[in-house]
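First comes the structure, then the notes that go with it.
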Amino acid sequence: MLKVDLHCHSNVSDGVLAPPAVAAYARKGGVDVWALTDHDEVGGIRAARAAAAELGMRFVAGVEISVTWANQTVHVVGLQLDENNRALIDGLAATRAGREARAREISAQLEQAGIPGAYEGALRYVANPDLVSRTHFARYLCELGICSTTSEVFRKYLTEGKPGYVPHRWATLSEAMGWIRGAGGIPVIAHPGRYKFDATAEGALFDEFRQLGGNTIEVVTGSHTPDQYATYAEIARRYGFLASRGTDFHAPGEARVEFAQLPPLPSSVTPVWHDWF
Ligand code: AMP
Ligand code: MN
Ligand code: MN
Ligand code: MN
């Protein structure tokens, strides 16, 4: 059976490895079909594709777009897209544009909480100056010894109600799906189990997603608990959605689940890649 991983990050966004090193790491974990899906960026795709070819992996060009829906951040992955599509490139650039000012505000808040110099500290973890992420701040707070893991940082800082939380407006669902579909890609609701929606709001998200031409959700992802694999397999079945699978890899050792450990999709769902090869 093909081992498929359709959700991974490189240092072009908030991962730590360059795209070819992510490819090599995925291959070592047994991956046969691999997508790079950096946040709001397709700048790593060309290098990733070349590395995948050299390693004998099938490559899928992807992205993970930050969206604001019902005042919350929702991530929409795009798969099998043309990374040279102009509207996609311009849309992603517009989505990234607010990140630097946001990062300065995050830093100002952390300074008030007694942690000075976080902007400069976070920047030392940034490979792409266009994409300063909360993850880079989290790594710097770990370096300072303020927290021992990035997930501890997200429990104590950078999230709603905690120091370093700056509300931000990303792309709309309709914009993100328009860019993905316009570039020939397949939009996928990333890690649906991570959002804090009640059942009604979650249903409304899936309905709107479907109206906008969406038909795929992530079911098995490093961002879900094993219970959520079953929950979202059932939801996929109920909505008639295809299912996707990916580690959401960011860094060796930071991963909630390594490439080799992520279970396959439940047999009750149809994989999004069922007709790709
Ligand atoms: P940003 O796009 O700057 O808001 O950063 C979002 C990124 O932070 C996500 O893509 C994750 O990599 C990371 N992140 C968010 N919440 C958590 C969490 N609870 N634990 C670990 N990483 C998180
Ligand atoms: Mn991330
Ligand atoms: Mn995500
Ligand atoms: Mn991700």
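The values are calculated or read from the model by the stated rules, or taken from the named source; none is laboratory data. Not measured: the values here are computed from a predicted model. We place every Cβ from the backbone using ideal geometry, glycine too, and count neighbours over all the protein chains shown. Protein only, heavy atoms only, side chains kept; ligands, DNA and RNA dropped before computing areas. Shrake-Rupley method; radii C 1.70, N 1.55, O 1.52, S 1.80 Å.
There is no residue in segment 16-32 that is surrounded by 24 or more Cβ atoms within 10 Å (Cβ to Cβ), within 12 Å of ligand 4 (Cβ to nearest atom), closer than 21 Å to ALA93 by Cα and in the same structural domain as TRP179 (by TED's automatic domain parsing). Tallying residues that are in contact with a Ser or Thr (Cβ under 6 Å, 6 or more places away or on another chain) and within 13 Å of ligand 1 (Cβ to nearest atom) within segment 9-56 yields 5. Taking the criterion of being open to solvent by 10 Å² or more (accessible area, probe 1.4 Å), touching a helix residue (DSSP H, G or I) at 6+ places or on another chain (Cβ under 9 Å) and not in a strand (DSSP E or B), the residues of segment 242-257 that qualify are HIS250, PRO252, GLU254, ARG256. Say whether the condition of being open to solvent by 10 Å² or more (accessible area, probe 1.4 Å), within 16 Å of ligand 3 (Cβ to nearest atom) and touching a helix residue (DSSP H, G or I) at 6+ places or on another chain (Cβ under 6 Å) is met by at least one residue in segment 127-148. Scanning segment 127-148 turns up no residue that is open to solvent by 10 Å² or more (accessible area, probe 1.4 Å), within 16 Å of ligand 3 (Cβ to nearest atom) and touching a helix residue (DSSP H, G or I) at 6+ places or on another chain (Cβ under 6 Å).
Take ARG194 and decide whether it is open to solvent by 70 Å² or more (accessible area, probe 1.4 Å), among the basic types (Lys, Arg) and under 17 Å from the mean Cα position of the chain (by Cα).
On the way: open to solvent by 70 Å² or more (accessible area, probe 1.4 Å): yes; among the basic types (Lys, Arg): yes; under 17 Å from the mean Cα position of the chain (by Cα): yes.
Yes, satisfied.
Considering only residues in segment 33-80 that are open to solvent by less than 10 Å² (accessible area, probe 1.4 Å) and among the small types (Gly, Ala, Ser), the one that is farthest from PRO192 (Cα to Cα) turns out to be ALA52.
Please work out if VAL269 is assigned to a loop (DSSP other than H, G, I, E, B), farther than 27 Å from THR135 by Cα and open to solvent by less than 30 Å² (accessible area, probe 1.4 Å).
The answer is yes for VAL269.
Checking each residue in segment 165-194 for being farther than 21 Å from ALA61 by Cα and either in a loop (DSSP other than H, G, I, E, B) or of a type in the set (Ser, Thr, Tyr) (or both) picks out TYR165, VAL166, PRO167, HIS168, ARG169, TRP170, THR172. Contact annotation: residue pairs with Cβ atoms under 7 Å, 6 or more positions apart or on different chains, pairing a residue in segment 29-52 that is within 14 Å of ASP248 (Cα to Cα) with a partner that is open to solvent by 20 Å² or more (accessible area, probe 1.4 Å) and among the aliphatic types (A, V, I, L, M), are GLY29/ALA260; ASP38/VAL12.
Filtering segment 229-241 to residues that are of a type in the set (Val, Ile, Thr) and either in contact with a His (Cβ under 9 Å, 6 or more places away or on another chain) or open to solvent by 20 Å² or more (accessible area, probe 1.4 Å) (or both) leaves only THR231. If the condition is being without any contact (Cβ under 8 Å) to a residue 60 or more places away in the chain, within 19 Å of THR37 (Cβ to Cβ) and among the small types (Gly, Ala, Ser), then segment 237-277 contributes ALA243, ALA255. Restricting attention to segment 104-149, the residues that are assigned to a loop (DSSP other than H, G, I, E, B), over 21 Å from the mean Cα position of the chain (by Cα) and of a type in the set (A, V, I, L, M) add up to 4. Each residue in segment 1-14 was checked for being farther than 11 Å from THR247 by Cβ and open to solvent by less than 10 Å² (accessible area, probe 1.4 Å), and 3 pass.
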